[in-house]
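A short worksheet on the structure shown next.
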Amino acid sequence: HVVRMGAKANSVLGFVKRTVGFHSNTDIRKTLYLSIDRSVLEYCSPVWSPTSRYLTTLIEGVQRRATKFILGPSAERLDYKSRLSSLGLMPLSYRREISDVVVFVKCHAKVYDSDVSRLANFSSRTPRSFRAHMLVPPRVKTSSFASSFTPRLTTIWNKLDVEVRGLGAKASSPTDVAALKRKLRSFMRNRFHQTYSLEQPCTWSISCGCAICLATIVH
């Protein structure tokens, strides 16, 4: 599914390039990418979000090519992170993690009619302040389950700032969810500027499952 979706997004990007070329201004090219191409890459992402490096690179590659097209000749002297910064964008991998958290919080706040306990549960232990509002990691017995929504969400959630987790845990209305989204985007944007590197796969996601990254989760 991910490979087919990446191919479709590349096809859409190619159509945009052939239609408007570099004769349109940057804002028009950016708007076209966001409206008809990136939407293909993000539709229902909590269901299919990839965990393998190959698939993550494949999806991110579409946006890498798109940023070069949007910026035109000026992109030649900029690396991917610089192109994203100049356009006010974030890596697609970060945006998928934001979507995971938002879906969970909407279920928790009853914005969606879904039993949140089927997704994840908050720890019942009396926490220290920096451990407040942590989710209980599920027992993972198979590799297929390890890459599914609940384990991925738990890892992402438990690596968020305690302030962000608090907003999500206390959310009870669409207004609260909107406040959480603003804070979460700010958190991810700061992380992008501070740590993201295309050459270091561990920085592509806060839900990285390598041994080093898992050791940084506070239980």
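The values are calculated or read from the model by the stated rules, or taken from the named source; none is laboratory data. Not measured: the values here are computed from a predicted model. Here Cβ is always computed from backbone atoms with ideal geometry, including for glycine, and neighbour counts include all displayed protein chains. The accessibility values were calculated without ligands, DNA or RNA, using every heavy atom of the protein model including side chains. Shrake-Rupley method; radii C 1.70, N 1.55, O 1.52, S 1.80 Å.
Before moving on, here are some points about what is shown:
- Other residues lying with their Cβ under 15 Å from the Cβ of residue 145 contribute a combined charge of +4, Lys and Arg counting +1, Asp and Glu -1.
- Where only alpha carbons of the stretch 102-169 are counted, the Rg and the Dmax (Å): 12.1, 33
- For the chain: accessible area per residue (Å², 1.4 Å): 55
- Estimated from the Cβ-Cβ distance and a Förster radius of 41 angstrom, the FRET efficiency linking residue 118 and residue 25 is about 0.30.
- With θ taken as phi - 60° and the Karplus curve 6.51 cos²θ - 1.76 cosθ + 1.60 applied, the whole-hertz 3J(HN,Hα) list for the stretch 44-59 is 6, 4, x, 7, 10, 3, x, 10, 7, 5, 4, 5, 4, 5, 4, 5 Hz, x standing for glycine and proline.
- Residues considered: 189, 118, 29. Largest GNM mean-square fluctuation over the chain, using C-alpha springs under 10 Å, is found at 118.
- If you run the Gaussian network model on the chain, springs between alpha carbon atoms under 10 Å, then out of 173, 24, 114 the most flexible one is 24.
- Carbon + sulfur, % of accessible area of the chain - ligands and nucleic acids excluded, 1.4 Å: 54
- Translational diffusion of the stretch 28-78, µm² s⁻¹ [Kirkwood Rh, Cα pairs; Stokes-Einstein; 20 °C; 1.002 mPa s]: 178
- Within a straight-line Cα-Cα reach of under 17 Å, residue 170 can be paired with the following lysines, leaving aside sequence neighbours fewer than 8 residues apart in one chain: 106, 110, 181, 183.
- Candidates 42, 97, 76, ranked by Gaussian network fluctuation over the chain, Cα under 10 Å, top entry: 76
- Computed from the Cβ-Cβ distance with R0 of 41 Å, the FRET efficiency linking residue 200 to residue 74 stands at 0.95.
- Whether the stretch 141-204 is rounded, prolate or oblate, judged on the alpha carbon gyration tensor where a/c under 1.5 counts as rounded: oblate
- Using Cβ point charges alone (K and R +1, D and E -1), the dipole size of the chain about the Cα centre works out to roughly 60 debye.
- Helix 174-195 vs. the chain, principal-axis angle (Cα, 0 to 90°, nearest 10): 70
- Here the stretch 64-135 is treated as a Stokes sphere of Kirkwood radius computed over C-alpha pairs; at 4 °C and 1.567 mPa s its diffusion coefficient rounds to 84 µm²/s.
- Expressed as a whole percent, the proportion of Cα-Cα pairs in the stretch 1-125 lying more than 26 Å apart is 31%.
- Residue separation of residue 51 and residue 17 scaled by 0.36 nm, minus their Cα-Cα distance, works out to 9.3 nm of gained length.
- Compared with the direct C-alpha span, the chain from residue 81 to residue 190 gains 37.9 nm at full extension, assuming 0.36 nm per residue.
- Per residue, the chain reaches -17500 deg cm²/dmol at 222 nm when only DSSP H runs of four or more residues are counted, each adding -39500 (n - 2.57).
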